[in-house]
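Following: one structure in structure tokens, then a few remarks.
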Amino acid sequence: MRLKIKRSNEQRLITLPDSATVSDLLTEIGSASISIKAGFPPQTIDIADTSKLLADSGIENGEMLIVTNIIETELPVTKHEYTHATHATVSNQNNAPYVQIDDIFLVLRKIPDDNSCFFNSIGYCIFGPDSVKYPDSQQELRQAVANVIRENNQGIFNSAILGGKSITEYSQWIQSSNSWGGAIEAQILAEYLGIGIWTVDIESLQVYKFNDDIASRFCVIMYSGIHYDAMALKLDTSLDEENSQICVFDKFSELGTLIEDNVLKLTNHLKNQGYYTNTSTFILQCQICLATLHGEKEANSHAKKTGHTNFGEVK
């Protein structure tokens, strides 16, 4: 049995007998706090029973195994319990905000303002522009997140990581169309889709990369503080045309390098145009009872006390 091992710092081929067990594999690659995934989308291989035959574990000859160290993400997780507010727009010659690098355009693709913008922005990049029109697309991604958390194969999820919710509560909560995604969902979906997800914070100009040490391809989504949009690359001036564009990039290609070197140019352009919201200082009005609320903390508190989740930003 020949297997390709892919880690953040190596790629190599190993050969094991057809009768090899999980224990044999772990001896070959090292067994300290690792996760092993195979297939597409990559699925976690159960390595708890080390006496189990690899063939019985779903590992076939010629398989590529993605091996990762189990670590907690360092990005703080902020969960929002309220509906997106209307945010500032960027005026351009075309409807789509963009920056030009030589003959190439980096374009912001606006995702509808609803509580699924995180999932829809990823779906837009992976499944195409039409995916945002169909609830099934974002619901599929929500379901994938719920399944990973519910199974909790590596034992990394608990109420502290999940914002005070139990595994069962969080798995149910994230499947609701009113629930926002964040760092937990980005990491899970990046691994599930076998891709890197770059989340760019417009206000801070920070780029947070999920699964980037493993994935050879990546997509970029932009975060304004209360909303997520997708980023696309256009090779011509028909910026409003969404069918002839690139949203997934090979990290080691010329275009991938161009994106890495220039993504903050688009981010700076958006920031200079006020395309972000400071969630600590913005003023919201509850669209149900018309209460005025200052900042994300008051909005979350109001939502928990009243169950009201529809807010609008006061400009």
Positive-end residue of L162, N147, L233, charge dipole of the chain with Cβ unit charges: L162
Gained length - K251 relative to N152, 0.36 nm times residue gap less alpha-carbon distance: 32.7 nm
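Contour minus end-to-end for S159 and K297, with contour as 0.36 nm per residue of separation and end-to-end as the Cα-Cα distance?
Working: separation 138, 0.36 × 138 = 49.68 nm, distance 2.00 nm.
So the extension gain works out to 47.7 nm.
Over the Cα atoms of the range 218-262, what is the Rg over Rh ratio if Rh follows Kirkwood? Could the numbers behind the result be given before it?
Working: Rg = 11.6 Å, Rh = 11.6 Å.
Ratio of gyration radius to Kirkwood radius for the range 218-262: 0.99.
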Reach of K297 by Cα under 28 Å, taken over lysines that are not fewer than 8 positions away in the same chain: K79, K110, K165, K209, K271, K305, K315
Kirkwood hydrodynamic radius (C-alpha pairs) into Stokes-Einstein, the range 122-176, 4 °C and 1.567 mPa s, D in µm²/s: 107 µm²/s
Computed helical MRE - 222 nm, the chain, DSSP H runs ≥ 4 contributing -39500 (n - 2.57), nearest 500: -8500 deg cm²/dmol
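Please figure out what share of the DSSP beta bridges in the range 98-272 is antiparallel and state it in percent, rounded to the nearest 5.
Numbers: 20 of 26 bridges.
Antiparallel: roughly 75 percent of the beta bridges in the range 98-272.
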26 Å Cα-Cα threshold exceeded, pairs from K133/K234; K52/K251; K4/K52; K37/K251: K52/K251
Principal axis box of the range 98-272, alpha-carbon based, largest edge first, Å: 50, 32, 28
From the coordinates shown, Rg/Rh (Cα atoms, Kirkwood Rh) corresponds to which of [x] 1.06; [y] 1.01; [z] 0.98: [y]
Long-range amide H partners of Y228 with built H, under 5 Å: F118
Under 19 Å from K6, Cα to Cα: aspartates and glutamates that are on another chain or at least 8 residues apart: D24, E28, D46, E60, E63, E191, D212, D213, D250
Where no second cysteine Cβ lies under 4.7 Å, the cysteines concerned in the chain: C117, C286, C289
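We did not get these values from a lab; they are worked out from the coordinates using the rules stated. Computed from a predicted structure; not experimentally measured. For neighbour counting, all protein chains shown are included, and Cβ atoms are generated from backbone atoms with ideal geometry for every residue, glycine included.
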